[in-house]
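Everything below concerns the one structure shown next.
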Amino acid sequence: MERQDVEQPRATRRVRIGSLEVGGGAPVAVQSMCATKTRDIDATVEQVHQLARAGAAIVRIAVDNEKEVEALKEIRALTDGVTLSVDLQENYRVAATVAPYVDKIRYNPGHLHHIERSKTIADKVGWLADVAGDHDCAIRIGVNCGSVAPEFLERYPGDQLEAIVQSALYHCELMERVGFDRFVVSLKDSDPEKVVAANTRFAEVRPDVPLHLGVTEAGMPPEGIIKSRLAFEKLLARGIGDTLRVSLTLPNERKHEEVEVGHKIIQDVEAGRFISVPDFGKGLNIISCPSCSRVENESFVELAQQVRELAAYAATHRITIAVMGCRVNGPGETDDADLGLWCGPSTVNLKKKDVKVGTYGYAEVLPRLRAELDRLIAERAA
Ligand code: SF4
């Protein structure tokens, strides 16, 4: 560990999320997300408590359809006192039915174009702000390098970072146009350096907007912890960041470790303690999602661990392998990896960059991955 000076927190405005306040000099809040099936009410309630006991100030749950909304009603009734957030994907209209049961709604600007294509993005955001306002909810505008809104990718060709920053700024403006200011923003990527750059750029333009920090698909410990630390330390030390989540690929019984790691990073930064890993990121990079309710097969975490063991022989090669748990984010977020795997219910899709290699059973995919990895290493050596 190295010792460094830490700047004062920047003066973001305060945003109330249930009984919690973030921004405006409030302590940095640590969040986490349930990886249980939302429809499994007992398991999800247990995990909400597991995360809250570990110190999660906000617990997020994924809700994609009406059955999950019904489950959420019961989960809310059994988790009194916990600040709950809901994660919306393509079907942003679910917000209207979940808002009465949560304290915050997270939407991704890159997913709003999927349904009701005749409506403008401004109308959709205005509607979301109205729903949140009517039900005393805050909003997180959650942009992600893996799913950037198409119009921003077109406007900033070759500059994904500027595309997500400008997309976030535009959505802030849309919220404010309709008089809604109870929102926070997140700008995420699986590369810690991009997370630092995107958040720094955004904070320069909108120093008033609270930021939630995260490195997506950071992967398994210890690498996932190191990636998160590399980004959070730099940002928190500059006074950037009002809440954070450490996204780790962990089995459900260890999910609370995300929260413990988050608190440890904050404590270390406040005490001026910083890690030093000079060669980190120069060899094999395995990224994997933290899993959530949408994960298609419970074997996902085991698969990610098997991929890491299988690929250990390639540790010195600058190769990225992505392992993703579902079809929602799997296809898009494996496009940039040298080799990508995304899970279906009984098969795994194997890709080389954005080209599909094939679909294999869970037992078959590992030898196929090994063959592709061998081929890639041989191609580069040639
Ligand atoms: S890739 Fe799918 S399973 Fe993994 S965290 Fe994202 S939405 Fe959840």
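The values are calculated or read from the model by the stated rules, or taken from the named source; none is laboratory data. No experiment lies behind these values; they were computed from the predicted model shown. Cβ atoms come from the backbone with ideal geometry, glycine included; neighbour counts cover every protein chain shown.
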- Task: Could you tell me which residue of segment 45-66 is farthest from the chain's Cα centre (by Cα), considering only residues that are touching a residue at least 40 places away in the same chain (Cβ under 8 Å) and part of a helix (DSSP H, G or I)?
- Result: 53
- Note on the structure: Within segment 202-235, the count of residues that are buried (at least 18 other Cβ atoms within 10 Å of the Cβ) and more than 18 Å from the chain's Cα centre (by Cα) comes to 3
- Note on the structure: The helices (runs of 4 or more DSSP H) lying entirely within segment 297-382 that contain at least 1 residues which are within 14 Å of the ligand (Cβ to nearest atom) are 300-310, 330-333
- Query: Taking the stated definitions as given, is residue 69 hydrophobic (A, V, I, L, M, F, W, C), closer than 25 Å to residue 121 by Cα, in contact with a helix residue (DSSP H, G or I) (Cβ under 8 Å, 6 or more places away or on another chain) and in a helix (DSSP H, G or I)?
  - Reply: yes
- Note on the structure: Here the residues within segment 348-367 that are of a type in the set (D, E, K, R) and surrounded by fewer than 17 Cβ atoms within 10 Å (Cβ to Cβ) are 352, 353, 354, 356, 364
- Message: Just to be sure I understand, how many residues within segment 276-296 are away from the ligand (no atom under 14 Å from the Cβ) and closer than 22 Å to residue 362 by Cα?
- Response: 2
- Note on the structure: When segment 64-93 is checked residue by residue, the ones that are within 16 Å of the ligand (Cβ to nearest atom) and modelled with pLDDT of 95 or more are 68, 85, 86
- Of the residues in segment 255-291, those that are at pLDDT below 95, touching a strand residue (DSSP E or B) at 6+ places or on another chain (Cβ under 6 Å) and assigned to a loop (DSSP other than H, G, I, E, B) come to 272, 276
- Of the residues 229, 273, which is among the charged types (D, E, K, R), in contact with a helix residue (DSSP H, G or I) (Cβ under 7 Å, 6 or more places away or on another chain), away from the ligand (no atom under 16 Å from the Cβ) and in contact (Cβ under 8 Å) with a residue 24 or more places away in the chain? 229
- Query: Between a first residue in segment 293-309 that is closer than 13 Å to residue 347 by Cα and a second residue that is within 10 Å of the ligand (Cβ to nearest atom), which pairs have beta carbons less than 6 Å apart while being 6 or more apart in sequence or on different chains?
  - Reply: 295/325; 295/326; 296/326; 296/343; 297/343; 300/291; 300/325; 300/343
- Got at least one residue in segment 248-267 being within 27 Å of residue 206 (Cα to Cα) and crowded, with 21+ Cβ neighbours inside 10 Å? yes
- So which residues in segment 168-185 are crowded, with 21+ Cβ neighbours inside 10 Å and in contact (Cβ under 8 Å) with a residue 60 or more places away in the chain? 171, 183, 184
